[in-house]
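The values are calculated or read from the model by the stated rules, or taken from the named source; none is laboratory data. Given the structure is predicted, the values throughout are model-derived calculations rather than measurements. Here the Cβ is made from the backbone with ideal geometry for all residues, glycine too, and neighbour counts use every protein chain on show.
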Number of protein chains: 2
Amino acid sequence: MARRKDHTPEQLKTLIRSAAEKLIYKKGLQGLTARALAQEIGYTPGTIYNTYQDMDALITDINYETLGRLYQFCQERVYDLPMDFSKVRALAYAYVDFAHKNQRAWESVFATAHKGDKTPRLPKDYQQRILSLFEHIEITLKECLNFPSDRARITARLMWACLHGITVLTLDGRLKLVGVEEPHEMIDDLLTKYLHHDVR
Amino acid sequence: MARRKDHTPEQLKTLIRSAAEKLIYKKGLQGLTARALAQEIGYTPGTIYNTYQDMDALITDINYETLGRLYQFCQERVYDLPMDFSKVRALAYAYVDFAHKNQRAWESVFATAHKGDKTPRLPKDYQQRILSLFEHIEITLKECLNFPSDRARITARLMWACLHGITVLTLDGRLKLVGVEEPHEMIDDLLTKYLHHDVR
DNA sequence: TAGAATAATGAACGGTGTTCATTTATGGAG
DNA sequence: CTCCATAAATGAACACCGTTCATTATTCTA
């Protein structure tokens, strides 16, 4: 068949993306193959390549979507909280909670693909979305803990790195062996000591 | 041909492993394929499967080796340092420095393989080697900063998580965009605030 | 020296991403 | 209403991937 026009190009793109997200949710990145995806949406593999240049572009698109959801998730968790330390903590909790609730999608974002040597420069929108996450922490530090701008910048990045490490280690089933405590406890420990150093 | 016996089984295992490490060093995990590896050592793919059950077992073995090198690297960096904060800091530096010097190998260790759902329980030796790393930090905290045992345990894990996060974010070329400062600076910032909170 | 044991092979299977000539349904023009 | 240009979907094909295993060639043993 050809030109079925069951879907407009945009509908098709959405269809592909949501089917791909479903596959990642169920089986992880490994489960996302062109053929499985095609089967899922009732098309053949070739069709996917009319919409996305390659599977990598699709994955990047999904990761972009995931970053957006992460951002929104963090926003909703903290927007109505008082402007004090509890808001900073809630923001940190939100990050690891999102990762745990969306494990496979989150792993996909940070999977070290590194196909060959080419560092695949990410699209500008994608970069901007990452920056937004940093800015959110940065602003929160300024507003809630009265951090000066430069200090907030540095701290935001360090905080993110630590959160990221905590998340990786608590998510990765292989490392369960280290007896990691609940991530929230680790965050409490980190924040009360690291941040209060400045605050007091 | 058959039974060439150019190499004893052990020689062959070493040959395979070092050739595989070379491939990972040059091209990353993506570059390590059974066929490329066979070519590298002058055998055919089938031969590899006489030595290793599958490619995963080979990778696990290499990662085990890498963990050993990491441990030794950290030891050598700190063993002759005075028993104070500078030793703790040197240990943290050692971790990120090793990761940067052995980028591809380090990535291989922490690559979220997750083939399917099966969490591939790691060999006992492998687990022990990870534990050794934690213990090294733990002991250092006790000896250099007079941490009580339980506090050292918790702090060692948190410290490792943060180091890990810092390493990931500074290594991943895709995330260069966040303007991460030198990892040493981040570590200084983290340690002086987080650890000194207890020390003072 | 004959035969058993074993190391290495390489063809084959089912999987992957990707390309592209071909086919086919459709929207518009005559 | 018919025809055709256009666009959409196909599916066969290519070059890879990990893995298996009957076969082959070599060495060791008796």
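Scanning region B:1-43 for residues that are near DNA strand D (Cβ under 8 Å from one of its atoms), in a loop (DSSP other than H, G, I, E, B) and away from chain A (no Cβ under 14 Å) yields a total of 5. Does A:I137 count as in contact (Cβ under 8 Å) with a residue 24 or more places away in the chain and within 10 Å of another protein chain (Cβ to nearest Cβ)? Here the answer is no, as A:I137 does not meet what is asked.
Of everything in region A:146-194 that is under 21 Å from the mean Cα position of the chain (by Cα) and not in a helix (DSSP H, G or I), the residue that is nearest to the other protein chains (Cβ to nearest Cβ) is A:D172. Just so you know, in region B:68-87 the residues that are part of a helix (DSSP H, G or I) and charged (D, E, K, R) include one that is farthest from B:I130 (Cα to Cα), and it is B:K87.
Just for region A:21-60: of the residues that are acidic (D, E) and under 18 Å from A:R104 (Cα atoms), which one is farthest from DNA strand C (Cβ to nearest atom)? Please lay out each step first, then the result.
The initial filter retains those residues of region A:21-60 that are acidic (D, E), namely A:21, A:40, A:54, A:56.
Keeping just the survivors that are under 18 Å from A:R104 (Cα atoms) gives A:21, A:56.
On the way: A:E21: 15, A:D56: 6 Å.
Ranking the qualifying residues of region A:21-60, first place goes to A:E21.
Taking the stated definitions as given, is A:L81 of a type in the set (A, V, I, L, M, F, W, C), farther than 24 Å from A:Q127 by Cα and more than 16 Å from DNA strand C (Cβ to nearest atom)? The answer is yes for A:L81.
Going by the conditions given, is A:A105 closer than 21 Å to B:L171 by Cβ, surrounded by 21 or more Cβ atoms within 10 Å (Cβ to Cβ) and not assigned by TED's automatic domain parsing to the domain that holds A:L29?
Working: closer than 21 Å to B:L171 by Cβ: no; surrounded by 21 or more Cβ atoms within 10 Å (Cβ to Cβ): yes; not assigned by TED's automatic domain parsing to the domain that holds A:L29: yes.
So A:A105 does not fit the description; no.
In region B:50-79, the residues that are more than 14 Å from chain A (Cβ to nearest Cβ) and touching a residue at least 24 places away in the same chain (Cβ under 8 Å) form Cβ pairs under 7 Å with partners that are near DNA strand D (Cβ under 9 Å from one of its atoms) and among the hydrophobic types (A, V, I, L, M, F, W, C), at six or more places apart or across chains, as follows: B:Y52/B:L58. The set of residues in region B:51-67 that are exposed (fewer than 13 other Cβ atoms within 10 Å of the Cβ) and part of a helix (DSSP H, G or I) contains only B:D56.
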